[in-house]
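Here is the structure we will look at.
The values are calculated or read from the model by the stated rules, or taken from the named source; none is laboratory data. Small disclaimer: the values here were computed from a predicted structure and weren't measured. Because the Cβ atoms are built from the backbone with ideal geometry, glycine has one as well, and the counts that use them run over all protein chains shown. These area figures cover heavy atoms from the full protein model, side chains too; ligands, DNA and RNA do not enter into them. Shrake-Rupley method; radii C 1.70, N 1.55, O 1.52, S 1.80 Å.
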Amino acid sequence: MPLTNQKILAAKPSTKARRLFDGGGLYVEVAPSGGKWWRLKYRFEGKEKRLAFGTYPATSLKAAREKRDVARALLASGVDPGEHHKARKAADENESRRKNSRLSTARAPRKMRIAAASLRPLEALGIDELEESAYRSLLAHGMATAKDVADALSMTPRKAQQLLDSIEAKGLASHSPERPRRFIAVPPELAIEALVGQRQVVLERARSTIPDLKKQAANPASAVAREQAVEVITSHAALGQILAQLRQTTQSEVFGFQRAPWLYPGKSNRPEIRPGVRVRSISDAGYIALPGALDSLQASVAMGEEARIFPTLPIKMIVADRRIGLIPLNVVDQGSTTLLVRAPSLLDALYELFELTWARATPIAFARTGAMEIGKPDMRLSEAAEQMIPLLAAGLNDKAIVYEMGISIATLNRRVAELMKCFDTRTRFQLGWRAALDAFPERLLAPAKIARERPS
C-alpha cells in the first residue's frame, strides 16, 4: 500500500532499522536514532543495488517519488541510476571548478585569456558550445524535455529541440518514447569514451591512407578519373534511387545501424535484398519504440536478416558490400542531408565500428512463429502471451510493453506467469534462458560437439 505523510510521521524507531515501502522499490528506512532516510532498491545487470534520496521531511514524499520515476526511466534506457548520480555529481563539481577557473582567468593578461578561451576540450570531438551547454543541462536535470532545456539556456523550444536531437545523434543523450519526449543524458564516462574511441578509429584509418595519397601525389591526373570519395545527397528522389540501386547490385553482405527516425519514409525504409546476401542490423531503443518498427524488423528476420539491439547508437548508416555506404545526418525531409561514402578507408572504419558494436549487442529473438523458430509452437501458450516474447527479447521494460500492447500491468503479469508456466521456470532469468535454448538449441550443442571433436 502506498505511503502517506501521516504514516511516515507516525512511524516510531525501534532497536533495529525499519522499512516502510511505497512501491517501485522506493521505501523509507527508519533508523534506531529516529532519522528517516529515503532509499531506492533496484537491480542492474543482475545485481541488487540501492540509491539514497535524502532524508524525510527535507525530501518530501512527492519529491522522492519523482526521483524514483527518473531512476526507473534511466533503468529503462539501460543506464545505472547510481552511476548516473555519480556522473551528475562529478559534472556539478567540474562546473564549479570551471567557474572558479574563469574567475582566475579574468585576472590574467589579455593574451592569456584569449588563449584559454580558445581551448574547449569537447570541441575536438565535434561538440560545439551550445551542444555542450545542452548536454550539461541534461546532466544537471537528470531528465528534461525540450522546454526544460530551453528555459535553462534562455532559448526558444525549437532551438533547444534541435540541440537535443543533435547531441542524441552524437550519442550524448537518449529519449523516452512518450510525448513530449523526455531526454536523458548518457553518463560522461560512456558517451565521451565512445566518441573518443570512434575518433581514434577514424584517425587510424585516415593515417592508413597516407601511402595511397603519396601514390596519387605522383600522378595527380589519375585522381580526376576516380569516383568522388564522399558525396553529399540532398535530394529526396536521389536517395530513393540509390536505395533501389542497392537492392539490385548488392552481392554478398549488407550491415547497418538503425536509429529513429526512419531512414526513408514508406516501404523503402528497409530496402529488400535479394536471396543469398547476408544482412545484419543493429537497432537502438529509440528505433524499436517507433510505431511499426517491431513488425518491420520481425518481417526482415523472417526473411533471414540477423538482428541485434544496442541501447544507443552513434550514427545511422547502411553499408553494402563494403563498397558503398549511406550516413543520414538529420531527419529525412525536403531539406535532408545524407553522405554517400565510397572511400575504402572510411568504409573499413565503419565496418570496424559495426563489428565492435555487434560483439556487444544483444541478439533479438522473436516468437517461434517466425522463420528462426526451432520446433513447433506449444499449443499451451496463448497467442497473446506469445506476442510478448519479441518485446521481452528486445529489452523493453514493463512500462514500455504495457504501452506497446495496450494492456494493464495486471494483464502483463498474468501473461508473464503464463510464459513461465509454459517453459516450466520460476524467474524471468530462467524464462529468457529457456526461451533462448528453445529457439537456438544449436548454441547449446556447439560446445559439446567441439569437446567431442577435441583430441584427448
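Numbers for the structure displayed
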quantity: Solvent exposure, largest accessible area first (probe 1.4 Å, DNA, RNA and ligands not counted), of 37, 433; calculated: 433, 37
quantity: Pairwise label distance in nanometres, residue 337 with residue 19, each label 7 Å out on the Cα-Cβ vector; calculated: 5.3
quantity: Rounded FRET efficiency, nearest 0.05, which uses the C-beta distance separating residue 345 from residue 410 and R0 of 35 Å; calculated: 0.05
quantity: Approximate spin-label separation residue 196-residue 302, in nm, with each point projected 7 Å along Cα-to-Cβ; calculated: 4.6
quantity: Length gained when the stretch residue 93-residue 158 is fully extended (0.36 nm per residue, less Cα-Cα span); calculated: 20.4 nm
quantity: Cross-link table 12/67; 147/399; 49/89; 49/86; 41/399; 7/36, entries beyond 20 Å C-alpha to C-alpha; calculated: 12/67; 147/399
quantity: For residue 259, net neighbour charge (Lys/Arg +1, Asp/Glu -1) across residues whose Cβ lies under 10 Å away; calculated: -1
quantity: Share of alpha-carbon pairs per 10 Å distance bin for region 1-92, given as whole %; calculated: 16, 47, 29, 8
quantity: Extension gain from residue 356 to residue 433, taking 0.36 nm per residue of separation minus the Cα-Cα distance; calculated: 25.3 nm
quantity: Pairwise FRET efficiency - residue 383 versus residue 210, Cβ, R0 = 60 Å, nearest 0.05; calculated: 0.50
quantity: Per-residue SASA entry for residue 277, accessible area with 1.4 Å probe, Å² rounded to 10; calculated: 20
